[in-house]
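Peer 1: If you scroll down you'll find the structure; I have some questions about it.
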Amino acid sequence: MFTRALNLVTGQIVAIKRIKLEDQNKEDIDSLMQEVELLQSLSHPCIVSYYGFILNEEYLNIILEFVENGSLLNTLKSFGNFPEKLIANYTVKILEGLEYLHKKGVVHCDLKAANVLTTKSGDVKLTDFGVSRRLNVMDEKTSAVVGTPNWMAPEIITLSGIVPQSDLWSLGCTIIELYTGKPPYSDLLPMAALFHIVEDSCPPLPEDISDELVDFLHICFKKEPSERKSATELLEHKWILHNAHHVNKD
């Protein structure tokens, strides 16, 4: 559960992720503390800022940056489906956040519109690192399926291993979500969606998107993760360069 709070010393408005500990087993609590440890190590304009945590017998309270517009999913519900140019601008910021995470050896593992926050000026902040993975502290092949079914990369479903390119598959699903209001296979039950993600050559694409976006999505949806381009490379894709208002080259 998230709630808004006021820092009584500085006057700063913050967001608090509040987790009731009696509902968690030891493994869950260890996972939550790993999320806290991960958040402590991250600092980037496209990643939600971490300010600290308060732990007592009842709750773990993770104190985070308050991002006033909420998630892209909320914006989508309020204003309807987005045009390509707007999606491209959001995609640039998402890619910059992913580029930073991947260079730090972190895979988000649950990228979707609900986990992308925006400010009033349209800046993007990636959030919800509860299932994120550090590549240097896990086996190459993980024994757990992590993420949300419709956005999940095939290699995660088949337990073939989590890699940075897994986030790029989820990015492709998120772009479709922003354009159509729903992720791929949204008309199917979760288990059926997982089956089609693994078995289909490519998720179904919207019929009325530009050829450049089709090419961008085909790159995101390469079945072999090693054939997908990196976040850094995708920032140079023609769909981004022709549509995004600003691309940060730093």
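Peer 1: Which of these, D28, D128, D208, has the largest mean-square fluctuation under a Gaussian network model of the chain (Cα springs below 10 Å)?
Peer 2: D208
Peer 1: If I stretch the segment between H44 and H218 completely, what's the gain in nm (0.36 nm per residue apart, minus their alpha carbon distance), one decimal?
Peer 2: Full-extension gain reported as 59.8 nm.
Peer 1: Identify which of S41, S170, S226 has the largest mean-square fluctuation in a Gaussian network model of the chain, with springs joining Cα atoms closer than 10 Å.
Peer 2: Residue with maximal mean-square fluctuation among S41, S170, S226: S41.
Peer 1: Of K103/K238; K26/K229; K112/K223; K26/K77; K85/K229; K20/K229, which ones are farther than 31 Å apart at the Cα?
Peer 2: Over 31 Å apart, Cα to Cα: K26/K229; K26/K77; K20/K229.
Peer 1: Determine, from the Cβ-Cβ distance of K120 and E22 and an R0 of 25 Å, the FRET efficiency 1/(1 + (r/R0)^6), rounded to the nearest 0.05.
Peer 2: Between K120 and E22 the formula returns 0.10.
Peer 1: Taking the chain as a Gaussian network, where each spring joins two C-alpha atoms under 10 Å apart, which residue of A114, A88, A192 fluctuates the most?
Peer 2: For the chain, modelled as a Gaussian network with Cα springs under 10 Å, the answer is A192.
Peer 1: Which of the peptides 151-164, 44-57, 2-15 is most tightly packed, and how do the rest follow, going by the mean number of other Cβ atoms within 10 Å of each residue?
Peer 2: Details: 151-164: 20.1, 44-57: 15.4, 2-15: 11.4.
Ranking, from highest mean packing down: 151-164, 44-57, 2-15.
Peer 1: Just want to confirm a number: the relative contact order over the chain, from Cα pairs under 8 angstrom separated by 6+ residues, in percent. Could you put the intermediate results ahead of the total?
Peer 2: Numbers: 410 pairs, mean separation 43.9, N = 250.
Once normalised by length, the contact order is 18 percent.
Peer 1: About the Cα centre of the chain, how large is the charge dipole given +1 on each Lys and Arg Cβ and -1 on each Asp and Glu Cβ? Please answer in debye to the nearest 20.
Peer 2: 540 debye
Values in this text are rule-based calculations from the coordinates and carry no lab data. Just so you know, these numbers come straight off a predicted model, no measurement behind them. Glycine gets a Cβ as well: all are built from the backbone with ideal geometry, and neighbour counts include every protein chain shown.
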